[in-house]
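The values are calculated or read from the model by the stated rules, or taken from the named source; none is laboratory data. Note that the coordinates shown come from a computational prediction; the quantities given were computed from them, not determined experimentally. Counting neighbours? That spans all protein chains shown, and the Cβs are built from the backbone with ideal geometry, glycine included. Side chains are part of the model used for accessible areas, which takes the heavy atoms of the whole protein and leaves out ligands, DNA and RNA. Shrake-Rupley method; radii C 1.70, N 1.55, O 1.52, S 1.80 Å.
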Amino acid sequence: MSAAVQSIDAKTPDAEQELTDGFHLVIDALKLNGLTTIYGVPGIPITDFGRMAQAEGIRVLSFRHEQNAGYAAAIAGYLTKRPGVCLTVSAPGFLNGLTALAHATTNCFPMILISGSSEREIVDLQQGDYEEMDQLAIAKPLCKAAFRVLHAADIGIGLARAIRAAVSGRPGGVYLDLPAKLFSQVMDAKAGEKSLVKVIDAAPAQIPAPAAVKRALDVLKSAKRPLIILGKGAAYAQADDAIRNLVEKSGVPFLPMSMAKGLLPDTHPQCAGAARSTVLKDADVVMLIGARLNWLLSHGKGKTWGEAPKKFIQIDIEPKEMDSNVEIVAPVVGDIGSCVSALLEGMGNAWPAAPADWTNAIKTKREENVAKMAPRLMNNNSPMDYHGALGVLRTIIKERPEAILVNEGANTLDLARGVIDMYQPRKRLDVGTWGVMGIGMGYAIAAAIETGKPVLAVEGDSAFGFSGMEVETICRYRLPVCIVIFNNDGIYRGTDVNSVGSDPAPTVFVKGSRYDKMMEAFGGVGVNATTPDELKRAVNEAMDSGKPTLINAVIDPAAGSESGRIGNLNPQSVLKKK
Ligand SMILES: Cc1ncc(C[n+]2csc(CCOP(=O)(O)OP(=O)(O)O)c2C)c(N)n1
Ligand SMILES: [Mg+2]
């Protein structure tokens, strides 16, 4: 598609020069690099840019708030290994998108936040321009890299730098600042075309050193009680077959972190998910694949990890990750795909089976825990408790393993993670490293757009509130998204009371709210479900029809616990206890 415009030059009518401008160069640069979806919110100075991008065949998804567009771009990056693009206006729109950019960086998702910005001359002299803000300076500490393009001729290079920074090495967020004036700058169309850069091999393979591979295999072979932990880095790598082969060839029990669930099915005989505390405590050698020893793994030390001495093998693309919390005896630095392939090759054909006393002990523990849980998942209580409602959703995902599960909340998150088995890679999308509320609708929208698969979003009533207005977006684009709100009248529980005044307690919401009515307001399907049977029927109907649906699942307000599974992280007042 030509981005050229005709110059109107009265003096030389015969020598008409083909021109292009900043608008078209950005569009052409995106398309040249296969970036054909934009998540954003329009306004000065990027409204026309969005219109033109749509006219040139880019899919432009218009949101109600930039944070949700940003989360959509972040998870699009995770799902596709290409940077997800978020587009915002200056200052306030930029700031609204920034949380998502920081989230992408923290979670190692490739994303580019493109924000329009005001006039440099005025911003730098602080003369009070429309939406004045030094956006580049503010973005820098929150992302992997931040760039500003001042000349149309540099748009190609600017975008190339942004793409490379986002996806190479450890992926993350990149900020690209495009001042208003840039869009209307013109240049010769041919020179413009030449200035564009198609990024070749944006995320080059990083091959691990053979000595590092050998060291890792020696440590693994020496183990009496080995464990493999799969992180979302392993899921991101899309090296699914190699990872499965490594796990199966080694015979080592594996523990998937939240978003790595489904890389191998949770029902796989080697899955130790239902024996988590036992394996963390008792393992003697732990191989981390794309998983970091951060708070989610108790920093690799303390009570969770028991008394038995541990040796850690770590596979990660980022060398600085090694020894971040405890000593790593066998660091393997490289991209996950290359590292896992090298390990597989090094194992040869005579790799010894994992010690049977260890694998049998885990199997027993797992079966014990699964049996304990089973009757709770079958209860038919009304109002529902978490287990009764989740038992239904667990069966639905089992029957529809290709569906994408989006999940946020506290109890709604922690219990769903434990109860709902996943069967395929990258089907579980959740709050990630920060445990952030607000990813729900942005993730659901991007998951539907990027994969074309049905989406089931399981949301705490508080969690949903952070992005709830995007139900209009879901209806507008007619996306196959079914939202189930676990409505327990509040944060953690709906039972708190304020003992001294008439204001409600800080953790409770309007009792008996009907979130399903919100969906009906935009032409979607709304259902109020008070029993597991009703819930099951409504979800199945939504998944079959593909119609935007919101189910208000009424949960006993007393059923949850403070902060779900991480109540121990709350600071305690000494005075309160006196
Ligand atoms: C951006 C952000 N703000 C606040 C929090 C604190 N927070 C953690 S969980 C949660 C909501 C939990 O309630 P809900 O989603 O209703 O789940 P429930 O436990 O009730 O099932 C909040 C506000 C957060 N994690 N992220
Ligand atoms: Mg709640």
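General remarks:
- Approximate spin-label separation Asn568-Ile122, in nm, with each point projected 7 Å along Cα-to-Cβ: 5.5
- Surface share of carbon and sulfur [accessible, 1.4 angstrom probe, percent] for the chain: 54
- Kirkwood hydrodynamic radius of region 307-386, from the reciprocal of the average inverse Cα-Cα distance over all distinct pairs: 17.0 Å.
- Shape parameters for region 227-332, alpha-carbon atoms, Rg then Dmax in Å: 12.7, 35
- Fraction of antiparallel bridges per DSSP, the chain only, in percent to nearest 5: 10
- Working value for the chain: equivalent-ellipsoid semi-axes of 42, 32, 22 Å, each the square root of 5 times a Cα gyration tensor eigenvalue, largest first.
- Net charge of Cβ neighbours under 13 Å - reference Thr304; Lys, Arg +1; Asp, Glu -1: +4
- Label point 7 Å beyond Cα of Asn360 along Cβ direction - residues of region 214-236 with amide nitrogen under 20 Å: 223-227
- Computed over region 289-352, relative contact order equals 30 percent, with contacts defined as Cα pairs under 8 Å that lie 6+ residues apart.
- Proximal charge balance of Ile491 [Cβ under 10 Å; K/R count +1, D/E count -1]: -3
- Comparing Ala211, Pro383, Ala448 along the charge dipole axis of the chain, the residue lying farthest to the positive side is Ala211, per the Cβ-charge model.
- Unsatisfied cross-links (Cα-Cα over 24 Å) in the set Lys214/Lys310; Lys363/Lys398; Lys198/Lys427; Lys81/Lys232; Lys261/Lys363: Lys198/Lys427
- Proximal charge balance of Val554 [Cβ under 12 Å; K/R count +1, D/E count -1]: -4
- Region 125-175 shape via C-alpha gyration tensor axes, a/c threshold 1.5: oblate
- Eigenvalues of the alpha-carbon gyration tensor of region 100-249, scaled by 5 and square-rooted, set the equivalent ellipsoid semi-axes at 43, 19, 11 angstrom, largest first.
- Cα-based equivalent ellipsoid of region 290-348: semi-axis lengths in Å, sorted from largest, via gyration tensor: 23, 13, 9
- The chain - percent relative contact order, Cα under 8 Å, separation 6 or more: 12
- Descending by average beta-carbon neighbour count within 10 Å, the peptides 381-389, 293-301 line up as 381-389, 293-301, the highest first.
- Distance from region 45-109 to region 338-356 (C-alpha centre basis), Å: 41
- Sequence-distant residues sharing a close amide H with Val458 (under 5 Å, placed H): Val406, Asn407, Glu408, Val484
- Rounded to the nearest 20 debye, the dipole size of the chain about its Cα centre is 2120 debye, using +1 on the Cβ of Lys and Arg and -1 on the Cβ of Asp and Glu.
- Per residue, the chain exposes an accessible area of 42 Å² to a 1.4 Å probe, with every protein chain left in place.
- Peptide packing: for 513-525, 86-98, the average count of neighbouring Cβ atoms within 10 Å per residue gives the ranking 86-98, 513-525, highest mean first.
- Relative contact order of region 136-254, defined on C-alpha pairs under 8 angstrom at six or more residues apart (%): 22
- Region 466-547, dipole about Cα centre (Lys/Arg Cβ +1, Asp/Glu Cβ -1), debye to the nearest 20: 120
- Sparse-neighbour loop sites [GluC sites (Glu not before Pro); region 282-330; at most 11 other C-beta within 10 Å; DSSP]: Glu307, Glu327
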